[in-house]
Amino acid sequence: GFILSLSPLSCSLMGWRGSGALGAATIGVYFFMGGLLMILAAVLEWVMGNAFNYVVFATYGGFWLSFAGTLVPSFAAYAYYAPQDENNPAAGLQTGGFQASFGE
């Protein structure tokens, strides 16, 4: 699950072939391949008794779920970063506060 979710993020961050802006096409990959599979792997590692692997998988799964949650338009997590005079909530994706936390 880690490689399947890291590959589109890496392509977006490096701007390969015009990709970028953390598009909506990758949100499903972050939720299901990154978040869900990593949390499932963490639970299975916990059942097997592997504490270190459990912590690693759970931490990465939590990261992917939180990263995907910031990009979902209905959650409007980036709208709080938008300037007050801006009518478009997606403008919050380009502000310094958002870039310092989850930005490219």
Which one is right for this structure if Rg and Dmax of the Cα atoms in Å is calculated from it: (i) 13.1, 44; (ii) 14.9, 46; (iii) 15.5, 53?
(iii)
Using only Cα atoms and rounding to the nearest 10 degrees, what angle (0 to 90) does helix 37-48 make with the longest principal axis of the chain?
20
Using a Gaussian network model of the chain with C-alpha springs under 10 Å, which one of Phe57, Phe75, Phe67 is most mobile by mean-square fluctuation?
Phe75
Rounded to the nearest 10 degrees, the helix 2-14 long axis (Cα) sits at an angle to the longest Cα principal axis of the chain of 20
Can you tell me the orientation of helix 51-71 relative to the chain, as the angle in degrees between its alpha-carbon axis and the longest Cα principal axis, to the nearest 10?
20
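Values in this text are rule-based calculations from the coordinates and carry no lab data. From a predicted model like this one, the values you see are computed outputs, not experimental measurements.
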